[in-house]
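Note sheet for the following structure.
The values are calculated or read from the model by the stated rules, or taken from the named source; none is laboratory data. Since this is a predicted model, take the numbers as computed values, not measurements. No Cβ is skipped: glycine too gets one built from the backbone with ideal geometry, and neighbour counts run over all protein chains shown. Each accessible area value is taken on the protein alone, full model and side chains, heavy atoms only, with ligands, DNA and RNA left out. Shrake-Rupley method; radii C 1.70, N 1.55, O 1.52, S 1.80 Å.
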Amino acid sequence: MQQFTLIFVVHLTALFASTACIDYDGFLNMKLEHSLNCNDEKFCHRGSITLKSIRTGVPIIDQILFNEKHLEALKKLANEDEFYSIKTTITTGENSKGTEYLSSVKAQAFLENGLSDVINAWILPNGAVIAVNFQVANSTQPLKQATNEYKLNSKFYLRYIEQAPVPDTASYIQKMERDREAREKGEMKDNRSFLAKYWMYIVPVAIFVMISGATNPEASAPAGR
Amino acid sequence: MGNLSINLKPNFMGLLKCLNSINWFIVFFSLINLSMCIYEDQIGKFDWRQSYVGRIKFAQFDTVSTARKIIVATEENVLAALNLKTGQVVWRHVFESTSSGNIQLLHLSDQIITVTGSNPYLVRGWDLSTGVLIWEWGLTLQKNEHTDFSEWWVQNGLLVHMVPKFGSHIEVSVYNVATGHNRGATSKLPAVWINEGCVLSPPYYTCISGSPGNQLLLSMDVTSDAVQIISKPLAEYTTARNGNLNPFDTNTVIPGFLLNEKIILIRGNKFEAINIAISEPSASVALVDSASGPLVLQTWNDEAKGFTLMAHNLVSGQRVNEIGWSDRSLSIPEPELSAVICTKTAREQHVCRILVTAADDASHLIQQEGRVLWTREEALANVVAVEFVDLPVSDLDAAIESEFDQKEAAKMHSSVLAAFTRRLQSQFQQLQGAVRALLAGDAAAADEPPPLVRDYFNLHKIMVLLTDTGKIFGMDNLSGEILWKLYEPNLNTEAAVMFTRRSARHPPHDAYLTVVGKHEETGNGLIVSLNPIRGTPVGEQTLHLDVQILQCAVLYKADAQKLHALILLDKDENVQILPESSAPLVENMYMHVADRSSAVVRGYALRHDGERVSAKNIWSVDLSGGGSQRVVWSVSKPAAERIHSAGRVLPDRSVLYKHLNPNLVLLLTEGPDPVHKDVVVATCVDGVSGGVLSAHVHRRARRPALPLHSEHFLAYLYYNDKQRRHEIATLELYEGPERWVPAGAAFSSLRGARAPHVQRHAYIVPAAPAAAALSATERSLTDKHVLLALSTGAIVELPWALLEPRRALSPAGEAREEGLVPYAPELPLPAEAVVNYNATLLRLTRIHTAPSGLESTSLVLATGLDLFYTRIAPSKTFDLLKDDFDYYLISVVLAALVLATYSTKYFAARKMLKMAWK
């Protein structure tokens, strides 16, 4: 049953590596199992992803190739609109027992997108993984066939959970200081005209005068006819 | 925006005042409502408050002061005075909700004496009539053990504190009540015979001790200087092998106790068995003084006769006939005599006032002949869940609706003639109704309560309140009146949920509401279905499942009877559908379950395979972060939420599209961290696919609380340990300048891998928030406002614009044009934004909001020790004329204008005629 293995390395974008705010470094070992063509067992081997260092986040992905049987089973699932489930077991230096994560994609979508998926592992600053998500990559590439066998096209991203922002008091105080300075400077030469400065007080008064004048024009007029 | 309007308001109001003399302007400006708060004369017009005290623990009648009161101390750690005539709270003191506020003793003399806390204790004296604190002293015991069983009482102006150490000795300390001066230090009385079954009847401490079959009844006066033990074989008093001691519920006369339904008094250092039979083992027995000597009162809930009360003369053993009755109409489960006062009238008749507290936390003050003077539903001090239910339309409206409905349905079949006769018929009915209403006039309308039908703006609703004790109330939202109540003693309301499964919009069918809770004893699912309008059981009625429930939901599709099925996922991951017939409707249904302690969240896909519905575990995430974190909150979006716009327009006329994922769940976890002390992790998970959309960590933070979730934004509070303050974190999810799915297409969580852009920020909350909620309106057209209940007893209404994470510190030209408020780290909590003006609400726990038929208005109910209902208009009442709109003036003005037009026309014609003659 053992198939050829294929090793390829995906270099992560510099974006993730540079913003990594992680307190801990160590190795990360992910064992991937899926529920496809497994004979009697519920889950069987799909591959593994190994990271030598969490901080650098460079994965080594090693996955099986799908044969016709796999594809048959997947097509069967797709016909029933069922899920293709992947179980991941993660072991790290701290956690040698391993923690299990489960994720599923629609078999139909997985098949349509040429067995390509995106794997996101979310990691806390203390080095613990909270979730491993499999999602179908939005690529309409056809199935890659290499002598009867189909290559799984997986992309792996290690997502570091960042620190949440805190109330930004320091820069606010700085801004207040700047504003105050600007005001002090500005107060010296506020050379706007009188009207430009106080129009908001003048206009209501003017309206008031106009209206009180308009409502009783006869009262002030001389009585003579 | 809020900031702006708050600053602007005084100017505008000043301007208005200045124009006050000119009525024209008042007419014009009355169309624009500028104020956010209410006017003084509007107090109580849209809102009401009900004060509660909690289940009564100790109660005593105040016989000293002139204004008759009952002084109560409650399990909610409240000391209050209730008006004897009305039952209303005269004054109230709310102590700490923790054990330090626990009331141990309530004693009434010329002042009220209370002992609160549990080592350290606080002894306080209160004024009887005003409730003002007169004096206070503290007491800290050196040894903290055994204080759980300690007892307090007041004897001859001295406060006695007794700490029994079982199997060893009793420690008794006597203090001067007012000063705390320790009179004779602490004395240790040797008593190896005391155990946990002992009862105190001051000053006697009584126990049953010895080997079975050879037991002794022992009693000791713990305050006397010489240790004197009364000892008698138990067999002298009871034939039962095991004696069971019980104190009286109220005793103001002679020390005594109950031994297996037998009254035994201690008189002259001797036990004295009284030959008065206790009719029911569960009866509550009280010993009270009256003019004709001490009386023994007993009460219980008889299955056949209902609530029963009986009285005997203690000396003669004779039944006192004028006190004692049975009432089938009173439903007082497990009554307990909290306080009794008996006097005698001029005609030598006993007059008793009895305060009875029931298992449903209700307190009733009952007078002679079983007349209930008042009832206090103290269960409402602990509301767990609230559901606003629409009222049914009136019969006439229903007839019109059904007519048009039929027309729609049977357009093809019915003839024109049939439709015409129907039209005539219903028109005749309407005419009849109108005539009847006219004839009945205003007199009838004023006396009768408004009928339970929907009003034009759908502002009148029924609030169904589920309380901690398992009592369910139906309450009128406009008056706060209790319409119906239903007590379900077996219902454990911990984590209970309520669903409105059918609204009253479907006339032939009644409204249908379901409470899903746990059974008190077994912990299995208990489902109560009822008609929320009348409070009568419907459908499944009370259903006790034989398995524990893991998760429950309501099916989004209704069946032929317009009933939404209830889906239950049980502990063995089996699915139950109620009613069973709705099973074929299950399609595309997903559920998730978060385990609080292990922090593992599992997602299930539900599928109907033609026969039954099965759940398949399709995803699981482990938020435990190495085992230390636990889930504190899990919030999804409110069901059936409407979204008005899919994006926001930016100053450059482009649109920033919101990420409106209906399946988004916010999970808040907290736990210790080796480096950063405590951390809080907020994770946004898609409830269908299990995909994490965003996650972030708050370092040195604790107690994440009060999550809010609506549309594309989320907010939650936490306590910043480093700065020692409360902060609110806000998030907004955006898709970006382009839509992921075309307009109108359904959102699918399973479609593909795309992460939304997350905007986030944090603000300082300069107060201690106790509850939070978002305003809800029917079409979400109005702004969203956040209601924050503070521990000071105020509810502050804040516009979301102030919490927006997109607020920049110094907005550049474009952002300024968009109207974003510049960033300020502290949230303003202005006094004008307090919706409950000066009506302080104590110990608020939750705020519930519901939409009304008016788009501008959202209904709000705050629960806690008090209930407070009001309505808010986040974007002002744009669809409603102002409350004091001057109809009279505007009609006079209009009439005058018309008159002026015609008169000028006439005069103009006359002038023209004169001109022509010239």
### Label-point separation, residue A:163 to residue A:198 (7 Å along Cα→Cβ), nm
5.3
### Query
Can you give the extra length, in nm with one decimal, that the chain gains between residue B:893 and residue B:229 once fully stretched, where that is 0.36 nm per residue apart less the Cα-Cα distance?
229.7 nm
### Accessible surface of residue B:549 - all protein chains present, 1.4 Å probe, nearest 10 Å²
50
### Query
Extension gain residue A:80-residue A:148, at 0.36 nm per residue separation less the Cα-Cα distance, in nm?
22.0 nm
### Message
Using a 1.4 Å probe on the protein heavy atoms only, what accessible surface does residue B:912 show? Give it in Å² to the nearest 10.
### Response
130
### Query
Net charge near residue B:639, counting Lys/Arg +1 and Asp/Glu -1 over other residues with Cβ under 12 Å of its Cβ?
+1
### Cα-based shape type of chain B, given that a ≥ b ≥ c are square roots of the gyration tensor eigenvalues and the cut on a/c is 1.5
prolate
### Query
How much of residue A:177 can a 1.4 Å solvent probe reach, expressed as accessible area in Å² and rounded to 10?
80
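If we count every other residue with Cβ under 12 angstrom of residue B:485's Cβ, Lys/Arg +1 and Asp/Glu -1, where does the sum land?
Value of the local net charge: -3.
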### Inter-label distance for residue B:373 and residue B:818, nm, one decimal - labels placed 7 Å from Cα along Cα-to-Cβ
6.4
### Query
Relative to the longest principal Cα axis of chain B, at what angle does helix B:2-18 sit, 0 to 90 degrees, rounded to 10?
80
### Message
As a quick test, which of the pairs A:42/A:106; A:75/B:557; A:52/A:155; B:232/B:262; B:637/B:658 have an alpha carbon distance above 21 angstrom in this structure?
### Response
A:75/B:557
### Message
Can you tell me which aspartates and glutamates have their Cα less than 14 Å from the Cα of residue B:165? Leave out same-chain residues fewer than eight positions away.
### Response
B:145, B:148, B:151, B:196
### Point-to-point label distance, residue B:427-residue B:908, nm (Cα→Cβ direction, 7 Å offset)
4.1
### Summary
Residue separation between residue B:48 and residue B:740 times 0.36 nm, minus their alpha-carbon distance, gives in nm 244.5 nm
### Task
Report the net charge of residues surrounding residue B:732, where surrounding means a beta-carbon distance below 13 angstrom and charges are Lys +1, Arg +1, Asp -1, Glu -1.
+3
### Summary
Partner aspartates and glutamates whose C-alpha sits under 14 Å from that of residue B:188, ignoring same-chain residues fewer than 8 away, are B:171, B:221, B:225
### Summary
1/(1 + (r/R0)^6) with r = Cβ-Cβ of residue B:884 and residue B:649, R0 = 45 Å, i.e. FRET efficiency to nearest 0.05, evaluates to 0.80
### Loop sites in the range B:189-267: GluC sites (Glu not before Pro), DSSP, at most 14 other Cβ within 10 Å
B:196
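Ignore the peptide's own chain and count Cβ atoms of other chains within 10 Å of each Cβ in A:168-174; give me the average, rounded.
Average neighbour count from other chains, rounded to a whole number: 4.
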### Task
Give the shape of the protein assembly as shown as rounded, prolate or oblate, defined through the alpha-carbon gyration tensor: a ≥ b ≥ c are the square roots of its eigenvalues, a/c under 1.5 means rounded, and otherwise the shape is prolate if a/b is larger than b/c and oblate if not.
oblate
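May I ask you to rank B:420, B:95 by accessible area, largest first, using a 1.4 Å probe over the protein chains only?
Largest to smallest exposure gives the sequence B:420, B:95.
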### Message
Once you order the gyration tensor axes a ≥ b ≥ c over the Cα atoms, which shape class does the range A:19-160 get: rounded for a/c under 1.5, otherwise prolate or oblate by comparing a/b with b/c?
### Response
prolate
### Query
In degrees, nearest 10, range 0 to 90: what is the angle between the Cα axis of helix B:887-917 and the longest Cα principal axis of chain B?
30
### Summary
Filtered hits (lysines, Cα-Cα < 18 Å from residue B:518, offset >= 8 within chain) -> B:471, B:571
### Message
As an exercise, identify the trypsin sites (Lys or Arg not before Pro) in the range B:81-187 lying in DSSP coil whose Cβ has no more than 13 other Cβ atoms within 10 Å.
### Response
B:85, B:143
### Helical contribution to [θ] at 222 nm, DSSP H n ≥ 4, -39,500 (n - 2.57), averaged over chain B, rounded to 500
-4000 deg cm²/dmol
